[in-house]
1. Taking a 1.4 Å probe, which of Lys421, Lys186 shows the most accessible area, and what order do the others take after it?
2. Give, rounded to the nearest 20 debye, the magnitude of the charge dipole that region 1-108 has about its Cα centre when Lys and Arg contribute +1 at Cβ and Asp and Glu contribute -1 at Cβ.
3. So which GluC sites (Glu not before Pro) in region 1-93 are both in a DSSP loop and have at most 15 other Cβ atoms within 10 Å of their Cβ?
4. I'd like to check one number: the per residue accessible area of the chain, probe 1.4 Å, reported in Å² as a whole number.
5. Using Cα atoms only, what is the angle between the long axis of helix 350-363 and the major principal axis of the chain, expressed in degrees (0 to 90) to the nearest 10?
6. Just name one of Pro276, Leu359, Leu387: the one whose Cα is farthest towards the positive end of the charge dipole of the chain (beta-carbon charges, Lys/Arg +1, Asp/Glu -1).
7. Return the loop-located trypsin sites (Lys or Arg not before Pro) in region 281-355 (DSSP other than H, G, I, E, B) with at most 15 other Cβ atoms within 10 Å of their own Cβ; answer none if there are none.
8. Would you please name the trypsin sites (Lys or Arg not before Pro) within region 190-237 that are DSSP coil residues with at most 14 other C-beta atoms within 10 Å of their C-beta?
Amino acid sequence: MSKIKLSMPNLGDARSRKQKETPTFSYKLNNEYKNIGYGKTYHIFTYGCQGNEADSEVIAGILEDLGYVKAAEPYAADVVILNTCAIRENAENRIWGVLGNLKGVKAQRPNILIGICGCMPQEENATNKLMSSYPFVDLIFGTHNIYDLPKLLNEAYHKDAKVIEVISTEGAIYEGAPKHRESNYKAWVNIMFGCDEFCTYCIVPYTRGKERSRAKEDIIAEVKDLVAKGYQEVTLLGQNVNAYGKDLGSDYTFGDLLYDLDKTGIKRIRYTTSHPRDLDLKTIYAMRDCPSVMPHLHLPVQSGDNHILKKMNRKYTCEEYLAKIATLKKEVPGISITTDIIVGFPNETEEEFANTLKLVDEVKFEGAFTFIYSKREGTPAAKMEDLVSDEVKHERLDRLNELVDKYYLAGNKRFEGQVVKVLVDGVSKNNPDNLCGYSEHLKLVHFPSKDMSLVGKIVNVKITEGKTWFALGELVE
Ligand code: SAH
Ligand code: SF4
Ligand code: F3S
């Protein structure tokens, strides 16, 4: 099979931030491509962050607009798309594994079309490897090319060639694309795209482009529409939501947006992710004042050591971080705070790691995603000397997790005896007699019930026992 090399990723271009204003386009399906999916089925495998989950809903929307319907079985689909993540090596390894399975599927059913999108194709190395070692992949497209999917699919069908279109630009905004949302009671709402932080370990600013905010009118209209459709909860998405609006050059900030969205009538507003440096007082006041803004904040600290934070280019100190936590706890009493932590950043000393443990003890995070640093080609940290052995890194991760688990448990136990409001998601995975859902503080709550009509509703549950990963309770009036 020949290749149509439309464009290839370039990490150098991806780093550039020259574009002043972000172009906004309205999505429109070209008549030429209508019905190319008629009579065909699709399946999307999604990996990575909520940003990718939201993108997959757009991809599904576009496919359905073309006539495709969701396949009953993933591997029975006519089009299989892998929406990938490049954040750590192990995230990528999973994808190489799934591709291994797809090789067999393609051998049996040569007519299926296999596409790869998301953050991996934005990396030069990954795309080169996809081209050389995975010849059965038909279509490779990047995070900036989702809206070209009808054209790309058409090319893949008609030219009998591998189609590769990955551009490395600052990016644009598309409004009005169709979406097939996974849930009919909670929704992702992108408020901005991209990231300009350039933390030295992170690939995201290269894979997602420049920070670009959607117009507030478009966001508010989307949330109002969701309310009208009966949605209970929205999660506002961005890599650094606290920078919302900065690129628009107005003084309307994320805090202002929260106050405005609170007035739409949506019951629950969550948001992710926050950058500690940009978290401002107005946002904290909005959390205090707006009943719909949930009392939970995910505020990634990454490290509890100032020297490491500086090497990470996080642009805040532990003292500044702790001061913001103190304000949050004062203004939003009972708030639950979770975080992300990286251990084993290049040449992290035992003392530097011990400072992270100290900070965890001080904040008492009620949950944390903990990671071993993973080298990402093209980022500044990839060039830093790292003499710490894998064994030491794993041992540090174990010690950190032990401490984190202690506070996870305490975070669930503190609700024992209290009645909490739970938005019901469905049947518990480990007990078919229980339903489960999340409380306002983002605690996973299980309670005995088989009443499926409660799914998508907010119910009162009295917590009887806090465990490490969840809380048990019983339904009350
Ligand atoms: N924009 C978000 C997070 C995006 S990635 C933020 O800044 O908080 C999610 C988490 O993955 C990060 O918070 C970080 O803890 C982790 N991460 C990112 N790059 C990593 C790397 N190279 N190695 C290990 N963990 C990484
Ligand atoms: Fe990555 Fe830092 Fe941007 Fe988060 S803020 S996406 S960690 S560069
Ligand atoms: Fe992964 Fe890309 Fe999200 S690297 S974490 S899918 S922005």
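1. Most to least solvent-accessible, the answer reads Lys421, Lys186.
2. Here the size comes out at about 440 debye.
3. Sparse-neighbourhood loop GluC sites (Glu not before Pro): Glu21.
4. Accessible area per residue, the chain: 43 Å².
5. Helix 350-363 sits roughly 70 degrees off the main axis of the chain.
6. Farthest along the dipole direction, towards plus: Pro276.
7. Those satisfying the criteria are Lys315.
8. Taking region 190-237 and a limit of 14 other Cβ atoms within 10 Å, the loop trypsin sites (Lys or Arg not before Pro) found are Lys229.
The values are calculated or read from the model by the stated rules, or taken from the named source; none is laboratory data. Because the structure is a prediction, the values reported are computed rather than measured. Don't worry about glycine lacking a Cβ; one is built from the backbone with ideal geometry, like all the others, and counts go over all protein chains shown. Calculation scope for accessible area: heavy atoms of the full protein, side chains included, ligands and nucleic acids excluded. Shrake-Rupley method; radii C 1.70, N 1.55, O 1.52, S 1.80 Å.
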